[in-house]
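Heads up: the structure comes next, in structure tokens.
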Amino acid sequence: MKNRLIISIFYLVGLMFVSFGVSMMILARLGAGPWDALFVALSENLGLTVGSWTFIVGFFLILLNGLLMKKMPDFSALITMFIIGLFIDFWLVFVFADLVMMQLTLRAGMLISGILSIAVGVSMYLQSNFARNPIDNLMMAFHYLTGKSLSFSKTFLEVLVLVIAFIIGGPIGVGTILVAFGIGPLIQVFFKPVTKLRNYFTGGLSPQLFS
């Protein structure tokens, strides 16, 4: 029971870090990740909050993944998308609602801290096998159906979403490029020490909390 609680904490704190990082990148106004830029564009053009669109798009991706893979949609992933969306709105709508960052150096600092926070958060929430992000599952479905490599599948989908976000007015900029090419290596850097930290608290228990 203690170990289940510990891994649950890693999962929730990880999602909080991810949502904080996404929010920092949006507030920095130097470019967000392709998917986050899409959510911002949808929010600005159609209404609702960024967090709401995170959940709505996630829901349709879950249905699409199930259709593409010809199996029951993984509706447990809605929990992950709901928590991330809730936390994003918490940061943007409540905590930093009146924040106005004008100095470029401060905005750059927010951008870098946001990217690092996302990498740490992903490394933490991946310590459990529960409700993986449907965006990652879409990559796997594309890889399965086309026979292309995971790297190509990830890049193709990211570029496709980036183009859509750009067309409808999403915040595309230097931050978008940094996320596209830097988030993967950063997750790799943080994943090992975060896993060691989890092992320290759980005595080496594998992340099978919800699986």
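Restricting region 31-88 to residues that are in contact with a Pro (Cβ under 8 Å, 6 or more places away or on another chain) and not in a helix (DSSP H, G or I) leaves a set whose member that is most open to solvent (accessible area, probe 1.4 Å) is ASP74. Screening ALA119 with (1) in a helix (DSSP H, G or I); (2) open to solvent by 40 Å² or more (accessible area, probe 1.4 Å); (3) within 24 Å of PHE190 (Cβ to Cβ) gives one miss only, at (2).
Condition check for ALA97 on (1) open to solvent by less than 70 Å² (accessible area, probe 1.4 Å); (2) in a helix (DSSP H, G or I); (3) modelled with pLDDT under 90: one failure, at (2).
A search for C-beta distances below 9 Å between a residue of region 47-58 that is free of Cβ contacts under 8 Å to residues at least 24 places away in the same chain and any residue that is in a loop (DSSP other than H, G, I, E, B) and of a type outside the set (Phe, Trp, Tyr), counting only pairs 6+ apart in sequence or on different chains, returns ILE56/LEU48.
Please go through region 127-153 and give me each residue that is among the aliphatic types (A, V, I, L, M), at pLDDT below 80 and either open to solvent by 60 Å² or more (accessible area, probe 1.4 Å) or touching a Phe, Trp or Tyr at 6+ places or on another chain (Cβ under 7 Å) (or both), ordered by number. Hits for region 127-153 are MET140, LEU150.
The values are calculated or read from the model by the stated rules, or taken from the named source; none is laboratory data. Quick caveat: nothing in here was measured; it's all calculated off a predicted structure. Counting neighbours? That spans all protein chains shown, and the Cβs are built from the backbone with ideal geometry, glycine included. When the accessible area is computed, the model is the full protein with side chains, heavy atoms only, and any ligands, DNA or RNA have been set aside. Shrake-Rupley method; radii C 1.70, N 1.55, O 1.52, S 1.80 Å.
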